[in-house]
Amino acid sequence: MASTSVQTEKVNTGPPADGRTSAGPHSGPARGRQRLTGIAPYLLLLPAVAATLVLLGWPLVKNGMLSFQNLNMRQLIQHLTEWNGVENYRETLGSDEFWQVTRRSVIFTAVNVGLIMLLGTFVGLLLARLGTRMRLLLSVGLVLAWAMPVIAATTVYQWLFAQRFGVVNWVLDKLGWHSMADYDWTGDQFSTFFVVTVLLVWQSIPFVAINLYAATTTIPKELYEAAAMDGAGAWKSFTSVTFPYLKPFLLATTFLEVIWIFKAFPQIFAINEGGPDRLTETLPVYAFVEGVGNQHYGMGAAISVLTILILLGLTAYYLRTVLKQEEDER
C-alpha cells in the first residue's frame with residue numbers, strides 16, 4: 001500500500017500533459033511574446049520619430065545655433081564662426097520694426113482666419129443641405145482648389161489682378177468702374193493685403209468645408225427630429241444641436257488655420273515680396289528678407305526662432321482653452 005501511494009504521488013507531481021512547466025503560462029516563450037507585444041507600438045512609431053528628428057529636429061537645432069552667431073557673406077565664404085551670444089535677439093527685440101511686423105502678422109492672421117472659418121462653415125453646411133449631384137459637383141471644385149500647388153495658385157492670382165491685362169480690372173471697367181481699368185493692386189499696403197487675403201481664403205475654405213461636412217454626418221438625425229417636435233426652427237436647431245457637435249471640430253480647425261496663416265510665406269512673397277516699401281511683410285517674410293535678402297543670416301535665424309516661440313505660445317493658449325472647456329463640461 002505504501003508503495004502504491006508513493007507511485008501515485010510521483011505521477012501526480014509530474015509535468016502537465018500539455019508540456020507547460022509549473023511556473024505557469026507567463027513563463028518562458030509566453031512571457032517573451034507578451035513583452036514583444038507591449039513594445040510593438042513603440043517599434044512601429046520609431047521610423048516616424050527618427051524621420052521627424054532628422055528632418056525637423058536637426059534643422060531646428062542648427063537654426064538655433066545660427067541665431068547666436070554673427071554670420072554674413074564674409075563669414076560664410078571664409079567658413080568663420082563668430083559667436084555673439086544674444087546680440088541678435090537683443091537687436092531684434094529692441095527694434096520697432098520687429099514689433100510692427102509682429103502686430104501686422106497678428107492682425108493679418110486674425111482677419112484671414114475669421115473669414116476662412118466663417119465662409120468655410122457656410123460652405124460646409126451648404127454641402128450638408130445639397131442633393132447628391134450638386135454636393136458631388138461642389139466637392140470636386142473644392143478638392144481641385146485645395147489640390148492646386150501654392151505657387152501655381154499664386155501665379156494665377158497675379159494674372160487675375162495684373163494692372164494692364166488682369167481679368168479683375170477688365171471686369172470692373174466693364175461694370176462701370178472705369179478708374180479701375182489700370183489699377184495697380186500691389187501699389188499700396190491695403191490692396192496688396194486684399195489680394196493675398198483673397199488668395200489665402202480661397203485656398204483654405206476647402207479644408208474647412210469638407211471636414212465640417214464630414215463632421216455633420218456624425219450628428220444623429222434623431223436629435224433634429226426631437227428639436228423639430230419641440231418647435232425649434234432652423235436657427236434654434238443649429239444652436240442647440242449642430243453647433244454643440246461641431247464645436248470641438250471648429251476649435252481644432254481654427255487652431256490649425258491660425259498656424260497655417262501665421263506662417264504663410266510663398267503667397268505673400270510671390271505676390272509682391274513684402275512690398276511696397278516692406279509694408280506687407282509678416283514675420284516669415286521679414287525673417288527671410290533680413291536673413292537671406294540682407295545677408296544677416298544670424299539675425300534671420302533669431303527672427304525665425306522668435307516666430308516659433310510665438311506659435312508655441314499660441315499653441316499653449318489653445319490647449320489651455322480646450323482643457324478648460326472640457327473641465328467646464330464635466
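Data overview
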read-out: Positions within segment 74-109 being open to solvent by 70 Å² or more (accessible area, probe 1.4 Å) and either in contact with a Pro (Cβ under 7 Å, 6 or more places away or on another chain) or under 30 Å from I205 (Cα atoms) (or both), in sequence order; value: W99, Q100, R103, V106, I107
read-out: Matching residues in segment 35-73 - criterion: being touching a residue at least 40 places away in the same chain (Cβ under 8 Å), surrounded by 13 or more Cβ atoms within 10 Å (Cβ to Cβ) and either of a type in the set (A, V, I, L, M, F, W, C) or in contact with a Cys (Cβ under 6 Å, 6 or more places away or on another chain) (or both); value: L60, L66, F68, L71
read-out: Test for A162: is it free of Cβ contacts under 8 Å to residues at least 40 places away in the same chain, more than 27 Å from P266 (Cα to Cα) and surrounded by 13 or more Cβ atoms within 10 Å (Cβ to Cβ); value: no
read-out: Segment 232-246: number of residues that are touching a Leu at 6+ places or on another chain (Cβ under 7 Å) and over 13 Å from T218 (Cα atoms); value: 0
read-out: 2 or more residues at pLDDT 85 or above and over 21 Å from A302 (Cα atoms): qualifying helices (runs of 4 or more DSSP H) within segment 1-92; value: 29-52
read-out: Qualifying residue in segment 228-236 (condition: in contact with a helix residue (DSSP H, G or I) (Cβ under 6 Å, 6 or more places away or on another chain) and of a type outside the set (D, E, K, R)); value: no
read-out: Candidates V140, V113, V156, filtered to the one that is assigned to a helix (DSSP H, G or I) and within 19 Å of the chain's Cα centre (by Cα); value: V113
read-out: Close pairs (6 angstrom Cβ cut-off, 6 or more residues apart or separate chains): more than 27 Å from V195 (Cβ to Cβ) in segment 111-133, open to solvent by less than 50 Å² (accessible area, probe 1.4 Å) anywhere; value: A128/T216
read-out: Candidate set from segment 166-205 (those that are out of contact with any helix residue (DSSP H, G or I) (no Cβ under 8 Å at 6 or more places or on another chain) and of a type in the set (A, V, I, L, M, F, W, C)); member that is modelled with the lowest pLDDT; value: W177
read-out: The lone exception for D277 - which of (1) assigned to a helix (DSSP H, G or I); (2) modelled with pLDDT of 85 or more it fails; value: (1)
read-out: Top-ranked residue of segment 261-277 - restricted to ones that are open to solvent by 40 Å² or more (accessible area, probe 1.4 Å) and out of contact with any helix residue (DSSP H, G or I) (no Cβ under 7 Å at 6 or more places or on another chain), ranked as nearest to T154 (Cα to Cα); value: E273
read-out: Selection count where residues are farther than 23 Å from T216 by Cα and open to solvent by less than 40 Å² (accessible area, probe 1.4 Å), scope segment 117-157; value: 3
read-out: Filter result (closer than 16 Å to F194 by Cβ and without any contact (Cβ under 8 Å) to a residue 60 or more places away in the chain) within segment 101-110; value: I107, A110
read-out: Segment 278-306, subset buried (at least 20 other Cβ atoms within 10 Å of the Cβ) and of a type in the set (S, T, N, Q), residue farthest from L60 (Cα to Cα); value: T280
read-out: Residue count, segment 206-234 (criterion: of a type in the set (D, E) and either assigned to a helix (DSSP H, G or I) or within 12 Å of L250 (Cα to Cα) (or both)); value: 2
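The values are calculated or read from the model by the stated rules, or taken from the named source; none is laboratory data. None of these values were measured; they are calculated from a predicted model. Ideal geometry is used to build each Cβ from the backbone, glycine not excepted, and the neighbour counts take in all protein chains shown. Each accessible area value is taken on the protein alone, full model and side chains, heavy atoms only, with ligands, DNA and RNA left out. Shrake-Rupley method; radii C 1.70, N 1.55, O 1.52, S 1.80 Å.
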